[in-house]
Amino acid sequence: MRRTLYLLALILGLLVALTLNVLAYASGVRNVYVQVVLPVTMIPAVFSLVWLLLGKPLPLVERLMFFTVNVQVFAQALLEEVQRPALTGGSDLLYWSVVVNVMLAYLLFPNRVAGRYNAGLFVLAVVVPWAGLALNGGPVSADLPRVQLTLGIVLLFVHALSWYRGQFEAQRSAVEVMERLAHTDLLTNLPNRRGMYPAVEELLTSGGAALLLDLDHFKRVNDTFGHQVGDEVLERAARLMEAQLPPGGRVGRWGGEEFLMTLPGMDRLEAGALAERLCQTFRTQAMEGVGIVTISAGVTLARPGDTLPSVVARADEHLYAAKRGGRDGWRDEPLPGGGPDGAAAFPDV
């Protein structure tokens, strides 16, 4: 979006500069700003346009055009200051230009760099009118010191606001990092147990299903291939589970090789079908350097009056039923009438 906006701005700027030059030459009146300053500053504008069309990075263009706009604005302001017969100190273009360009500087550059730019422009805005007086003479309005003092206060205020914004963003970033560390499993980048508590509470409120999943014989993976490979298996398992996650569902690392999946609004048949897809995915996706690592799953539905411990305990009970049934499968509550409660697809080998 930024690239598109810059392209439109550059194209319009080039058209405006061309139109102003045509009108200036047609009128026969010499205009130094239109006929000299604008054509010279259009050179970096054309370069920036080509740079953007080639898909090059934005920072160079942003800084180049910021410099170009400064040259244009202050050239016009200086020409006006030199040509005016008296220093009135009113709402001059020079002072407005200083404020606008300083605000842009704080948006584009670090606070320290923008602060130096701020100070430099203030000195320039103070010196230029008095230099114009030295060159042209004439009366000095009593408003001039007041306007320059007001400008200094405004620029100081802008710098203070930018500093406070930087402090606020730094503190907010620190809080976000701490929040992420407290609620995210750093190995798999999934929510950890604490991070899954809100998802379980949502499930208990809205209804739905919960799946507790466990990697089969994971201790054997660690003992045979080492904990580094075991960590890689956990990371890969997390990505496989995320890939099967339906809209609105959440999955997190519950602890060790166990993962919890919450599925708001999902009924028993849908949850069972998802559990089967997950088992099928793991039994057909070889882990690099290890081979096939299967999973077992326990499926349960949230019931009225459930709490976090009760719904997880029930899912855990069905998980271990799947383990006892041969692993590489899933179990849930028995159907009314004593029907089957899920499936262990393959015996453990």
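Residues of the range 288-313 being out of contact with any Phe, Trp or Tyr (no Cβ under 9 Å at 6 or more places or on another chain) and in contact (Cβ under 8 Å) with a residue 12 or more places away in the chain, which ones?
E288, T300, L301, A302, D306, T307, V311
Being out of contact with any strand residue (DSSP E or B) (no Cβ under 7 Å at 6 or more places or on another chain), of a type in the set (S, T, N, Q) and closer than 11 Å to G329 by Cα is the requirement here; does T294 meet it?
When the stated conditions are applied, T294 passes them.
Quick check on L60: is it surrounded by fewer than 19 Cβ atoms within 10 Å (Cβ to Cβ), part of a helix (DSSP H, G or I) and either in contact with an Asp or Glu (Cβ under 6 Å, 6 or more places away or on another chain) or modelled with pLDDT under 80 (or both)?
no
I'd like to check something: does the range 188-197 contain any residue that is in a helix (DSSP H, G or I), in contact with a Leu (Cβ under 8 Å, 6 or more places away or on another chain) and over 30 Å from A275 (Cβ atoms)?
No, that holds for no residue.
Go through the range 231-241 and give me each residue that's of a type outside the set (A, V, I, L, M) and either loosely packed, with under 15 Cβ neighbours inside 10 Å or closer than 14 Å to D214 by Cα (or both).
Within the range 231-241, D231, E235, R236, R239 meet the criteria.
Assuming S206 fulfils every condition listed in (1) within 18 Å of the chain's Cα centre (by Cα); (2) among the hydroxyl-bearing types (S, T, Y); (3) assigned by TED's automatic domain parsing to the domain that holds P264 apart from one, which condition is it?
Only one criterion in (1) within 18 Å of the chain's Cα centre (by Cα); (2) among the hydroxyl-bearing types (S, T, Y); (3) assigned by TED's automatic domain parsing to the domain that holds P264 is unmet by S206, namely (1).
Suppose we filter the range 161-208 for residues that are farther than 16 Å from S310 by Cα, aliphatic (A, V, I, L, M) and surrounded by 13 or more Cβ atoms within 10 Å (Cβ to Cβ); how many remain?
2
Within the set of pairs 6 or more residues apart or between chains, which connect a residue that is closer than 28 Å to A105 by Cβ inside the range 160-189 to a residue that is assigned to a helix (DSSP H, G or I) with Cβ atoms less than 7 Å apart?
S162/Y106; S162/N111; S162/A114; W163/N111; G166/N111
The values are calculated or read from the model by the stated rules, or taken from the named source; none is laboratory data. Predicted model, so just to flag it, every value in this text is computed and none were measured. Note that each Cβ is placed from the backbone with ideal geometry, even for glycine, and that neighbours are counted across all protein chains shown.
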